[in-house]
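Colleague: What follows is a single structure, and I will ask about it in a moment.
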Amino acid sequence: MKREYAIVDIETTGGNAGGSRITEIAIIIHDGTAVIERWESLVNPQKDIPPAIFALTGINNEMVKNAPIFDDIAEKIVEMLTGRIFVAHNVNFDYSFVRHQLEESGFRWTASKLCTVRAARKVRPGLRSYSLGNLCNSLDIILENRHRAGGDADATAILFSRLLEWDTAGEIQRMVKKTSQDQRLPPNLPPADFEQLPDKPGVYYFYNEARKVVYVGKAINLKKRVASHFSGHKITPQRQNFLRDIYSISYEVCATELMALLLECTEIKKLWPVYNTALKRFEPKFGLYEYEARNGYRYLAVSKLAKHQTAIEVFNSEYEGITMLRELADKFGLDHRFCKYGMAETADGARKADFTNLPDIQLHNSLVDNVIVHISGSKPSFAIIDKGRSAGERSCIWVEDGHFYGMGYVSDDVCFIDVSEVKNYVTRYAGNQYIMQLLYSFVEKYPSKVHFVQLAQG
């Protein structure tokens, strides 16, 4: 049976199907050789058209006032699309709008898709740009009524005919097979980037057109996890912008899920990709600091974390820090006048006033030393040793005085006389409180893989 194609272009009130509406639609039926039918219509979106959209398309509220609403033409659209391959330039955009509004009109419809951006990349690789306007310029296709459904659909139909003619390798026929993973990929992502992904744990990176990392993720199975980003039909603007921004993928295989989790956390902290937001809420906000005043007395203070200062300890809340500092001052007999309790300090006028009968400076400063040693010494140092990425290798993680130090891989033939030697084989990484929560959870769940050590204090 000969395939037929429905080449579709739409204009809308905005960039996402969930909050925007179609204002114009054009459908051109192509039988694989030539255009056999054409239809287009303005659509009353039943909401105002934003000025920016009017500036782009020329469609204003007056033009669509007497146009049919989508419900009135939904049956016609379903009739033209049913049984045909849905073709569009950046197909997931048009498909998501049409599918969503058909569902709202009571029609359950799905179709196989073909993206002419992806098809052009396969059939005519190496062009400077694959936007519709630039493709038309490169391939000498007349493009009239730009940013109107009819004009863009006509140009896409000519492009599609040319691609079919040039496609001597059968790329398009492979793309339209229902099982083709290619059709689910973002329009700007080379299939080779996806195909290279292994079925192993690791961390993956999505890059935008400027080769900047826009998302970092971890996976138990890299290929399956990355594929899950491209499945389904979510119509939020964030998802649509995210998919359009993906131009390439890289990855790093990790031995275990824990190694992948830790690498993901450290990479997000280092790169802060625009689409990674979940981990930001786990970042501590306050820290315990030590400083020496001009008179030689050393102070302990709870305050907001500062970028270029190293905190003795970090906290999720100011209250948590104040509570710890008060308990430590009581335990070690530290004079509270040398403890600064964050914002609460400004409200405590009594404590600010009296600086008579100060303690011996050397004794006081040694007490501060004792507090700092206690904070670090009360936390464990340990190694986690687990399987490697391949036979003959082990993964290792080093935690020193309750702080994540680093992780890496070591050959099976390396013997540790003392577990603290693991430190010499790991790559140094910046840690945070969230990473330690992950590590302590792992320690509790898999104690047989954890090797504790008591470092000598000096």
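The values are calculated or read from the model by the stated rules, or taken from the named source; none is laboratory data. For clarity, every value in this text was computed on a predicted model and none was experimentally measured. Cβ coordinates were reconstructed from backbone atoms using ideal geometry, including for glycine residues, and neighbour counts include every protein chain displayed. Surface accessibility is based on the protein's heavy atoms, side chains included, excluding ligands, DNA and RNA. Shrake-Rupley method; radii C 1.70, N 1.55, O 1.52, S 1.80 Å.
Colleague: Just checking: which of the strands (runs of 3 or more DSSP E) contained wholly in the stretch 195-309 hold 2 or more residues that are under 28 Å from Ser376 (Cα atoms), touching a helix residue (DSSP H, G or I) at 6+ places or on another chain (Cβ under 8 Å) and open to solvent by less than 20 Å² (accessible area, probe 1.4 Å)?
Modeller: 286-292, 298-304
Colleague: As an exercise: evaluate Cys396 against (1) under 23 Å from Glu290 (Cα atoms); (2) in a strand (DSSP E or B); (3) free of Cβ contacts under 8 Å to residues at least 40 places away in the same chain and give the number of the one condition it does not meet.
Modeller: Of everything listed in (1) under 23 Å from Glu290 (Cα atoms); (2) in a strand (DSSP E or B); (3) free of Cβ contacts under 8 Å to residues at least 40 places away in the same chain, Cys396 misses just condition (1).
Colleague: Here's another thing I want to ask about it. Which of the residues belonging to the stretch 357-393 are in a strand (DSSP E or B) and basic (Lys, Arg)?
Modeller: Result: Lys387, single match.
Colleague: Now for a separate question. Do any strands (runs of 3 or more DSSP E) lying entirely in the stretch 1-50 carry at least 3 residues that are open to solvent by 20 Å² or more (accessible area, probe 1.4 Å), and which ones are they?
Modeller: Output list reads 35-42.
Colleague: Anything in the stretch 399-425 that is closer than 23 Å to Ile312 by Cα, in contact (Cβ under 8 Å) with a residue 24 or more places away in the chain and not basic (Lys, Arg)? List them, or say none.
Modeller: Passing the criteria: Val399, Glu400, Asp401, Gly402, His403, Phe404, Tyr405, Met407, Ser420.
Colleague: In addition: Based on this model, can you work out whether Leu363 counts as open to solvent by 40 Å² or more (accessible area, probe 1.4 Å) and either among the hydrophobic types (A, V, I, L, M, F, W, C) or in contact with a Cys (Cβ under 7 Å, 6 or more places away or on another chain) (or both)?
Modeller: Yes, satisfied.
Colleague: Also, quick follow-up: Kindly list, by first and then second residue, each pair from a residue in the stretch 29-44 that is farther than 11 Å from Ala157 by Cα to a residue that is part of a strand (DSSP E or B) and basic (Lys, Arg), limited to pairs with Cβ atoms under 7 Å and residues at least 6 apart or on different chains.
Modeller: Correct list of pairs: empty, since none qualify.
Colleague: Right, another one. Give the number of residues within the stretch 435-458 that are in contact with a helix residue (DSSP H, G or I) (Cβ under 7 Å, 6 or more places away or on another chain) and either open to solvent by less than 40 Å² (accessible area, probe 1.4 Å) or assigned to a strand (DSSP E or B) (or both).
Modeller: So the count comes out to 6.
Colleague: A further question on this structure: Out of all the residues in the stretch 371-386, is one or more among the charged types (D, E, K, R), open to solvent by 70 Å² or more (accessible area, probe 1.4 Å) and farther than 30 Å from Leu334 by Cβ?
Modeller: There is no residue in the stretch 371-386 that is among the charged types (D, E, K, R), open to solvent by 70 Å² or more (accessible area, probe 1.4 Å) and farther than 30 Å from Leu334 by Cβ.
Colleague: On the basis of being at pLDDT below 90, open to solvent by 10 Å² or more (accessible area, probe 1.4 Å) and in contact with a Phe, Trp or Tyr (Cβ under 8 Å, 6 or more places away or on another chain), does Arg184 make the cut?
Modeller: Here the answer is yes, as Arg184 does meet what is asked.
Colleague: Within the stretch 66-106, count every residue that is open to solvent by less than 10 Å² (accessible area, probe 1.4 Å), touching a helix residue (DSSP H, G or I) at 6+ places or on another chain (Cβ under 8 Å) and of a type in the set (A, V, I, L, M, F, W, C).
Modeller: The number of residues fulfilling the criteria is 10.
Colleague: Restricting to the stretch 401-416, what's the tally of residues that are surrounded by 13 or more Cβ atoms within 10 Å (Cβ to Cβ) and part of a strand (DSSP E or B)?
Modeller: Adding up the residues that qualify gives 8.
Colleague: Another question, then. Go through the stretch 68-98 and count every residue that is in a helix (DSSP H, G or I) and more than 26 Å from the chain's Cα centre (by Cα).
Modeller: Number satisfying all stated conditions: 13.
Colleague: A follow-up question, please. Pick from Phe206, Phe230, Phe194: which is under 27 Å from Ile268 (Cβ atoms), out of contact with any Cys (no Cβ under 8 Å at 6 or more places or on another chain), among the aromatic types (Phe, Trp, Tyr) and at pLDDT below 90?
Modeller: Phe230
Colleague: While we're on this one: Can you name every residue in the stretch 85-109 that is touching a Phe, Trp or Tyr at 6+ places or on another chain (Cβ under 9 Å) and β-branched (Val, Ile, Thr)?
Modeller: Correct list: Ile85, Val87, Val98.
Colleague: What number goes with the only condition from (1) hydroxyl-bearing (Ser, Thr, Tyr); (2) open to solvent by 70 Å² or more (accessible area, probe 1.4 Å); (3) touching a Lys or Arg at 6+ places or on another chain (Cβ under 9 Å) that Tyr425 does not pass?
Modeller: Only one criterion in (1) hydroxyl-bearing (Ser, Thr, Tyr); (2) open to solvent by 70 Å² or more (accessible area, probe 1.4 Å); (3) touching a Lys or Arg at 6+ places or on another chain (Cβ under 9 Å) is unmet by Tyr425, namely (3).
Colleague: Could you check the stretch 123-181 and list, in sequence order, the residues that are open to solvent by 50 Å² or more (accessible area, probe 1.4 Å), at pLDDT below 95 and β-branched (Val, Ile, Thr)?
Modeller: Correct list: Ile142, Thr168, Thr179.
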